[in-house]
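Enquirer: One structure is given below, represented as structure tokens, and several questions about it will come after.
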Amino acid sequence: MNTLGVHALVWSGDLTPESTRKVISQTKAAGFDLVELSLHGPKVMDLGLTRDLLQEHGLKLGCSRGLTFDADVSSDDPASVARGLSLLEEGIGITAELGGNYFGGILYGAMGKYAAPLTAQGRRNAVDALKRVADFALKRNITLGLEVVNRYESNLLNTASQALAMLDEVGAPNVVVHLDTYHMNIEESDFMQPVLACGKRLGYVHIGESNRGYLGSGTIDFAQFFHALAMIDYQGVITFESFSSTVVNEQLSNALAIWRNLWDDGMDLATHARSFIAGGINAAAKARAHH
């Protein structure tokens, strides 16, 4: 059975001690196995408290972040690349300190709409940076996930095939592909082929609806996606991600263009998502058993 997770932004827009308590207790109450913490602005986090709360509630942890335009490992500017590297090392350090073993997201560039295509030098810089941080992460027993996102959030990895090519270039055993149905819906031809192409190199999954709201309220073919996961016998984490203007993290919410209020009640949203995902996994497994 897969580990089912939920993104902290379903519960709270920050990770102050008070919010962290809420995030972790609500995640547990909604029946999830894992909480994904976004390290956008980790300065306010109390790492000791967070680690204790995770242990107390018996929850696993994933961490994620995107880089910024002034700290971008895919930049042509060496100073920007260096700042990006230090953000990645900071994220890996925090993940390790919290007892986690997964750090994913847009680790290869800035999260935002670029004004121009990636340069050849920028791509080389990103690959070199990932080689370095993969080594840094390996020493701390941490897997890095390259999240494939849409064209408005990256000019580097928009499809699974691009991510797989990058994995080949980086050549590190602890770097995996992170697929997200919300982004796949924009960039991929379907929900089957990219999953099959990744196979064992798929290491983390985000489940999000086309409108970022309630699962089943949009246009995504989840049945096809869960069937594809069953076909590659995906055993990894499946984390629900949803954003509404009700819960705001200034940096992240604005970067993700969360302008509409798609839900008010995080618990109702999350418990619905958990049963939706579990149902999808089970239906795909049954269908596969009948073949």
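Enquirer: Just Asp128, Asp168, Asp77 to compare: in a GNM of the chain, with alpha carbon springs under 10 Å, which one fluctuates most?
Expert: It is Asp168.
Enquirer: Right, something else. Compute the separation of the alpha-carbon centres of region 205-220 and region 96-122 and state it in Å as a whole number.
Expert: With region 205-220 and region 96-122 each reduced to a Cα centre, they are spaced 23 Å.
Enquirer: Most exposed first by the Cβ proxy, i.e. fewest other Cβ within 10 Å, how do Tyr102, Tyr234, Tyr114 rank?
Expert: By the 10 Å Cβ count, ascending, the order reads Tyr114, Tyr234, Tyr102.
Enquirer: Which pairs in the list Lys22/Lys200; Lys28/Lys113; Lys131/Lys200; Lys22/Lys60; Lys139/Lys200; Lys22/Lys286 are over 27 Å apart, alpha-carbon to alpha-carbon? Please report the intermediate quantities before stating the final value.
Expert: On the way: Lys22/Lys200 35 Å; Lys28/Lys113 35 Å; Lys131/Lys200 20 Å; Lys22/Lys60 16 Å; Lys139/Lys200 22 Å; Lys22/Lys286 36 Å.
Too far apart for the 27 Å limit: Lys22/Lys200; Lys28/Lys113; Lys22/Lys286.
Enquirer: Could I ask something else about it? Identify which of Asn141, Asn101, Asn155 has the largest mean-square fluctuation in a Gaussian network model of the chain, with springs joining Cα atoms closer than 10 Å.
Expert: Of Asn141, Asn101, Asn155, the Gaussian network model singles out Asn141 as fluctuating most.
Enquirer: How high is the relative contact order of the chain, in percent, counting Cα pairs under 8 Å that sit 6 or more residues apart?
Expert: After rounding, I find 18 percent.
Enquirer: At a 10 Å Cβ-Cβ cut-off, how would you order His57, His178, His290, His272, fewest neighbours first?
Expert: The order, fewest Cβ neighbours first, is His290, His57, His272, His178.
Enquirer: Helix-only estimate, please: 222 nm mean residue ellipticity of the chain, summing -39500 (n - 2.57) across DSSP H runs of length 4 or more and dividing by its residues, to the nearest 500.
Expert: Rounded to the nearest 500, it is -14000 deg cm²/dmol.
Quick note: the coordinates plus some simple rules give every number you see, no bench work behind them. Model, not experiment: these values are computed from the prediction. Here Cβ is always computed from backbone atoms with ideal geometry, including for glycine, and neighbour counts include all displayed protein chains.
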